[in-house]
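Participant: Take this structure first; my questions come after.
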Amino acid sequence: MAAGVKAALFFFRGNRVESVDLLALDETRLTIPIKNISKVENGIRVEIVKDSGDDPDVTNGVSIFTTVRKLPPGSGIQFKAGVGVGIVTRAGLQIPVGEPAINPKPRELIRKVAYEFDESDLEITVEIPDGVELSKKTLNHTLGIEGGLSILGTTGVLRPMSEDAFKNSLVPKISIALAAGFKTQIFVPGKIGENLARKYQLKMDSVVETSNFIGFMLDSAVDLGVEKILLLGHIGKLAKVASGSFQTHNRVADGRLETIAAYSAVGGMDSIGVQKILESNTTEDAVEIVRSYKLEKIFDSIASRASLRASRYVFGKIEIGTCMSNFAGEILGIDSVAKKLMEELHE
């Protein structure tokens with residue numbers, strides 16, 4: 001966008017450019033190619049094709065149009081959402097409700113470019129024609145961004161850090177839940193936890209997706225002032241937390257079966273049953289072995305252990321309870337804190 005603004009301001013001065021040099025907010029020097037510049041009513045429209053390099057950005061190869069119009073003195077720099085750019089509809093994000101979903105840093109970079117040209121009264125309209133469809137592949141709908149994509153960024157430089165980018169895209173949901181009044185929140189690794197919250201009629205505005213990054217999200221919750229958390233999801237994910245793993249991707253941590261086997265042995269299961277659990281293909285298979293021994297009580301113990309481990313992870317700064325289920329949505333294990341939090345968050 002900033003490159004589009006710069007190209008438009010050059011055009012206002014009679015210079016059609018094929019690329020622009022840009023100094024990003026972190027002082028990185030960039031050269032951005034310009035695909036097209038055209039005159040529109042009272043302004044200039046610039047097309048730039050997004051190049052995300054090896055980062056799996058949904059906008060890679062997509063045209064982004066920036067239209068610049070001059071405004072009367074004293075108007076300031078105003079931002080508008082064109083087709084495919086979302087509008088903020090819920091409090092808790094960095095941008096107020098009703099504003100285009102263009103984050104503060106991209107706005108800052110655009111203002112910086114405008115001031116280089118001694119321009120302080122401009123209307124900047126951003127369009128991403130494919131944005132409505134592309135937004136369906138993002139988390140925008142859960143964040144309260146409607147109608148298209150959001151314009152993110154901190155420096156103006158896209159770096160190949162897709163995991164960090166994804167992790168950081170999860171954090172705003174914590175802020176949104178806080179803005180809605182929820183200092184008690186439900187952390188779910190994925191759809192199973194979300195469906196459980198809906199099934200048991202919990203307040204959905206308190207639900208925050210963590211994906212595999214449970215530890216990262218717990219740290220973020222501490223930083224943002226969350227007071228209580230209900231960990232809610234499938235036993236396959238939350239058994240890993242009980243074992244002390246807080247990045248739960250199976251290539252990073254996979255002690256599910258070992259955890260269930262250990263608790264089963266403590267609960268009185270013989271070595272034959274324990275070996276069957278360790279040889280199971282899935283957590284669901286292991287659950288059935290536990291049931292065949294009538295040792296379902298161990299699931300509550302695993303839930304309690306997950307809460308203890310998570311509480312230790314944040315040095316006791318948040319009260320945490322755990323409730324875990326199977327794929328069918330049947331609660332297997334729950335601790336006393338989780339029971340209390342489910343009552344507190346019941347619709």
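Every number in this text was worked out from the coordinates using simple rules, so none of it is lab data. Please read these numbers as outputs of a predicted model, since none were measured by experiment. For neighbour counting, all protein chains shown are included, and Cβ atoms are generated from backbone atoms with ideal geometry for every residue, glycine included.
Participant: For labels at S19 and F117 in the simple 7 Å Cα→Cβ model, what's the distance in nm?
Facilitator: Simple spin-label model gives 2.0 nm for this pair.
Participant: A further question on this structure: Suppose only helical runs count, i.e. DSSP H with n ≥ 4. What mean residue ellipticity at 222 nm does that imply for the chain under -39500 (n - 2.57) per run, divided by all residues and rounded to the nearest 500 deg cm²/dmol?
Facilitator: Working: 14 runs with 133 residues, N = 347.
Computed mean residue ellipticity for the chain: -11000 deg cm²/dmol.
Participant: How far is it, in nm, from the label point at L152 to the one at E108 when both lie 7 Å from their Cα along the line to the Cβ?
Facilitator: Taking the simple label geometry, L152 and E108 are separated by 1.7 nm.
Participant: Hey, another quick one. For E288 and F166, what is the calculated FRET efficiency with R₀ set at 30 Å and r taken between the beta-carbons, to the nearest 0.05? Don't skip to the answer; put the middle values down first.
Facilitator: Numbers: r = 34 Å, r/R0 = 1.12.
For R0 = 30 Å, the calculated efficiency reads 0.35.
Participant: What's the extension gain from S63 to E99 if we count 0.36 nm per residue and subtract their Cα-Cα distance? Mind showing how you got there, number by number?
Facilitator: Values: separation 36, 0.36 × 36 = 12.96 nm, distance 2.20 nm.
The S63-E99 span can extend by a further 10.8 nm.
Participant: Another question, then. Is any residue of the stretch 211-239 close enough, with backbone N under 19 Å, to a label point placed 7 angstrom from the Cα of A179 along the Cα-Cβ axis, and if so, which?
Facilitator: Flagged as within label range: 220-227.
Participant: Checking the table K136/K203; K137/K240; K137/K191; K50/K167 against a 26 Å threshold on Cα-Cα, which pairs fail? Mind showing how you got there, number by number?
Facilitator: On the way: K136/K203 23 Å; K137/K240 28 Å; K137/K191 15 Å; K50/K167 22 Å.
Long pairs (Cα-Cα over 26 Å): K137/K240.
Participant: Which one, I272, I334, V188, is farthest towards the positive end of the dipole of the stretch 166-344 when Lys and Arg carry +1 and Asp and Glu -1 on their Cβ?
Facilitator: Value: V188.
Participant: DSSP beta bridges in the stretch 69-173, what fraction antiparallel, as a percent rounded to 5?
Facilitator: Details: 5 of 13 bridges.
Bridges in the stretch 69-173 are about 40 percent antiparallel.
Participant: What whole-number distance in Å separates the alpha-carbon centres of the stretch 268-347 and the stretch 224-239?
Facilitator: Computed from Cα coordinates, the inter-centre distance equals 12 Å.
Participant: Which percent of Cα-Cα pairs in the stretch 2-160 sits in each 10 Å bin, short to long?
Facilitator: Taking all Cα pairs of the stretch 2-160, the binned fractions are 11, 41, 38, 10, 0 percent.
Participant: What are the equivalent ellipsoid semi-axes of the chain, built from the alpha-carbon gyration tensor (square roots of five times its eigenvalues), in whole angstrom, biggest first?
Facilitator: Working: eigenvalues 493, 78, 49 Å².
Square roots of five times the eigenvalues give 50, 20, 16 Å.
Participant: Need one number: % antiparallel among DSSP beta bridges in the stretch 166-344, to the nearest 5. It would help to have the intermediate numbers written out before the result.
Facilitator: Values: 3 of 17 bridges.
The antiparallel proportion sits near 20 percent.
Participant: Hey, fewest Cβ within 10 Å first, where do I334, I302, I272 land in order? List each step's numbers first, then the result.
Facilitator: On the way: I334 21, I302 26, I272 8.
Ascending number of Cβ neighbours within 10 Å: I272, I334, I302.
Participant: Can you tell me how much longer the chain between Y200 and H249 gets when fully stretched, taken as 0.36 nm per residue apart minus their C-alpha distance, in nm with one decimal?
Facilitator: 15.0 nm
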